[in-house]
Amino acid sequence: MSELNATVKRVTDRITERSRQAREAYLQLMHATRRDHPPRKQLSCGNLAHAFAACNTQDKSLIAADSAPNLGIITAYNDMLSAHQPYKDYPDQIKTVAHSLGATAQVAGGVPAMCDGVTQGQPGMELSLFSRDVVAMATAVGLSHNMFDGNLFLGVCDKIVPGLLIGALSFGHLPGMFIPAGPMPSGISNKEKAAQRQKYAAGEINDAQLLAVESASYHSPGTCTFYGTANTNQLMMEFLGLHLPGASFVNPDDPLRPRLTEMAVKQLISNIQSASGPVPLCETVTEKSLVNAVVGLLATGGSTNHTLHLVAIAEAAGIQLTWQDMDELSSVVPLLARIYPNGQADINHFHHAGGMAYLFGQLRSAGLLHEDVRNIVGAGLDAYEREPEISNSGEMAWSQPVRESRDHSVLAPITQPFSANGGLRLLTGNLGQAVIKISAVAREHWQLEAPCIVFESQEELKEAFNRGELEQDFVAVVRFQGPAANGMPELHKMTPLLGVLQDKGFKVALVTDGRMSGASGKVPAAIHLSPEASYGGPISRLQTGDIITLDAGAGLLQVQLSEEALGARDSAVAPTESLSLGRKLFGNLRRSVSTADLGGSTFLFDK
């Protein structure tokens, strides 16, 4: 492999130095936990009796004798989420494999799993970001019984995987790994779906016609096929070394899928029984593996939600990762994948073009990945250049390294990337700092200077659109959408509307303290603006008509006002919101949450 890229090294060294004290404290806690609270060793007879009361006689004997590994399963199964519906039978499969190896497994707990697709544009979306931290706490509750020698995590979608990992890291003294369930087969093309959504926004098709389109896109068990947060989660887990190589994007009904689950269980038991001692999760998630994950995110134009989640995950491991780190890495990581919304292909096309195996090989060849990392299959990254397969003899195997893209319109070689830089930029200026995903934005739309129109919600913008008031060049400012205001819901209601205006030839952009996520599209959107309006950020003092400059190439976001003039204005007051549909229960989280640049986290890991 090539020598490590100088920028990758410099950023990693800076993260390591910045994190030294917090990381050491985290590792000391993990080592002390392993020493002082070894699994089952300190449980009383009454504790154990409760723990295996529902087990069969064989499992009771094995657990009581403490002679074989007992695996904990944390599952996010429910049958409303298409991505999670396949998990229904996984626990029984895991137990069967464990039994065949003389081990046991128990479902340690379930975690809530909400679907952002169902709550998109609805009040429930205000619980979405906070659900990540609820999942983390539920994971810790499930593992708190201290019954398990290693843990398996079943989850796919948006906030669920980051929440599972944050919770898992609080038990980082134990081995752990994630088992994916795979994407649904391809349905209607994402390009056609987006076009029909714009037609609906323009009043050209009705509800029944749009529902038929949506149902042809989201049509079966498995993850949605566009490259949003759910599929970016899977890529992240593989780059962190927490998935088996090539496991992320195998369809649920592929014969390979159950074989991969079987192999994951075998690998976890092997890691628990390693001759050199168990391989703990805390030694897999490191500064270097997190940088590898950021590189993978950038090289594929992945979800902007990970500017929140990776910061929060890093913090849970005692590592301080910043948007500036991501921005600097973006300057040297080329864009190698075109997957909707930054291309026409879906995640299945990416997988069939060579997928993760090809991507790893290309990034390694340019020295963009750290090689000296541990993962669930050992040290280094060689295994991740290979695709899983069932051999002619029916055995589980991995192919030779994938050296050629099978579709250059989807996966490009490192020597001819789609773009020389990653798909993410940091914007700074007198409004604070924000992130923008530019991989799906045409270069002629990277820069805009126009008067702003201020809205307090995406519903207000939609109403103005319907009244025909937005047929002009403008910057839509949508504020009081940050974590402290209302839980930072995704704001996709505006995407088709702004797209319609852009297609009419108007220069439009969005500036918000809210989120747009992995489905961010062709309209330039400065999102996650920090500090948010609820914390008195400059966005709270903007007025309709102020001139805003957004320049993605220069990394600039500012209002054409002097510091004195902007500072002299009073901050706007947040609109009063209904707290129906469970939102009232989350008041403490809204009051304690960190700003977006710190991960939008409700945890205080330094306390």
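Tabulated data for the structure shown
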{"item": "For region 108-120, 3J(HN,Hα) per residue [Karplus equation, 6.51 cos²θ - 1.76 cosθ + 1.60, θ = phi - 60°, Hz, x = Gly/Pro]", "result": "6, x, x, 10, x, 9, 9, 9, 5, x, 6, 8, 4"}
{"item": "Residues whose placed amide H lies under 5 Å from that of His370, excluding near-sequence neighbours", "result": "Asn292"}
{"item": "Reachable aspartates and glutamates, given that their alpha-carbon falls under 14 Å from the alpha-carbon of Lys437 and they are not under 8 places away in the same chain", "result": "Asp327, Asp551"}
{"item": "Chain lengthening between Glu563 and Gln344 when straightened (0.36 nm per residue, less Cα-Cα)", "result": "74.5 nm"}
{"item": "Label zone at Leu581 (point 7 Å along Cα-to-Cβ), backbone N below 18 Å, region 448-471", "result": "457-463"}
{"item": "Label-point separation in nm, Val573 to Ala442, each point 7 Å along Cα→Cβ", "result": "4.4 nm"}
{"item": "DSSP-defined antiparallel bridges as percent of all bridges, region 424-598, nearest 5", "result": "55 percent"}
{"item": "Order of Ser215, Ser270, Ser399 under a 10 Å beta carbon neighbour criterion, fewest first", "result": "Ser215, Ser399, Ser270"}
{"item": "Calculated from backbone phi, Karplus (6.51, -1.76, 1.60) coupling profile of region 66-83 in Hz, x at Gly/Pro", "result": "6, 10, 9, x, 10, 8, x, 10, 10, 10, 9, 4, 8, 9, 8, 7, 4, 5"}
{"item": "Amide N of region 80-109 lying under 13 Å from the label point, which is placed 7 angstrom from the Cα of Gln58 along Cα→Cβ", "result": "95-105"}
{"item": "Under the Karplus curve 6.51 cos²θ - 1.76 cosθ + 1.60, θ = phi - 60°, whole-Hz ³J(HN,Hα) for region 33-50, x wherever Gly or Pro sits", "result": "5, 4, 6, 8, 9, x, x, 6, 4, 9, 7, 6, 4, x, 4, 5, 4, 4"}
{"item": "Correct choice for percent of Cα pairs over 42 Å apart that was computed from the model, options (i) 50; (ii) 34; (iii) 20", "result": "(iii)"}
{"item": "Listed residues Ile160, Thr75, Leu48: farthest to the positive end of the dipole of the chain (Cβ charges)", "result": "Leu48"}
{"item": "The chain: calculated mean residue ellipticity at 222 nm from DSSP helix runs of at least 4, using -39500 (n - 2.57)", "result": "-11000 deg cm²/dmol"}
{"item": "Residues listed by number, region 126-156, amide nitrogen under 19 Å from Gln273 label point at 7 Å toward C-beta", "result": "148-152"}
{"item": "Dipole magnitude of region 496-554, debye to nearest 20 (Cβ charges: Lys/Arg +1, Asp/Glu -1, about Cα centre)", "result": "140 debye"}
{"item": "Exceeding the 27 Å Cα-Cα cut-off - candidates Lys41/Lys266; Lys159/Lys193; Lys9/Lys507; Lys462/Lys504; Lys60/Lys266; Lys95/Lys288", "result": "Lys9/Lys507; Lys95/Lys288"}
{"item": "Three-way shape label, region 234-314, alpha-carbon gyration tensor, a/c 1.5", "result": "oblate"}
{"item": "Sorted peptide list for 533-540, 390-397, 406-413, criterion being average Cβ within 10 angstrom, highest first", "result": "533-540, 406-413, 390-397"}
{"item": "Region 1-42 shape via C-alpha gyration tensor axes, a/c threshold 1.5", "result": "oblate"}
{"item": "Cβ-based charge dipole, region 424-598, positive-most Cα from Gly555, Gly487, Ala568", "result": "Gly487"}
{"item": "Set of aspartates and glutamates with alpha-carbon distance to Lys493 below 12 Å, sequence-local pairs under 8 removed", "result": "Glu459, Glu460, Glu463"}
{"item": "Within region 26-105, trypsin sites (Lys or Arg not before Pro) in DSSP loop having at most 12 other beta-carbon neighbours inside 10 Å", "result": "Lys41"}
{"item": "Packing-based ranking, highest mean first, of 229-236, 16-23, 207-214 given that Cβ atoms within 10 Å are counted", "result": "229-236, 16-23, 207-214"}
{"item": "Sequence of Met147, Met237 once ranked by neighbouring C-beta atoms within 10 Å, starting from the fewest", "result": "Met147, Met237"}
{"item": "Trypsin sites (Lys or Arg not before Pro) restricted to region 412-473 and DSSP loop, no more than 15 other C-beta within 10 Å", "result": "Arg467"}
{"item": "Cα shape, region 424-598, gyration tensor, a/c 1.5 rule", "result": "rounded"}
{"item": "Added length on full extension, which subtracts the Cα-Cα distance from 0.36 nm per residue, Leu48 to Asp372", "result": "112.7 nm"}
{"item": "Computed label-point distance, nm, for sites Glu389 and Leu604 using a 7 Å Cα→Cβ extension", "result": "5.5 nm"}
{"item": "Beta bridges per DSSP with both ends in the chain, % antiparallel, nearest 5", "result": "45 percent"}
{"item": "Additional length obtainable on full extension of the chain from Asp253 to Thr96, 0.36 nm per residue less Cα span", "result": "54.6 nm"}
{"item": "Unit charges on C-beta of K, R, D, E only; dipole of region 424-598, Debye", "result": "580 debye"}
{"item": "For region 184-276, size of Cβ-based charge dipole, Lys and Arg +1, Asp and Glu -1, in debye", "result": "140 debye"}
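The numbers here are math on the coordinates, done by the rules we state, and not lab data. What you see is a predicted model; the values in this text were computed from it and never measured. Positions of Cβ are backbone-derived with ideal geometry, glycine not excepted, and every protein chain shown enters the neighbour counts.
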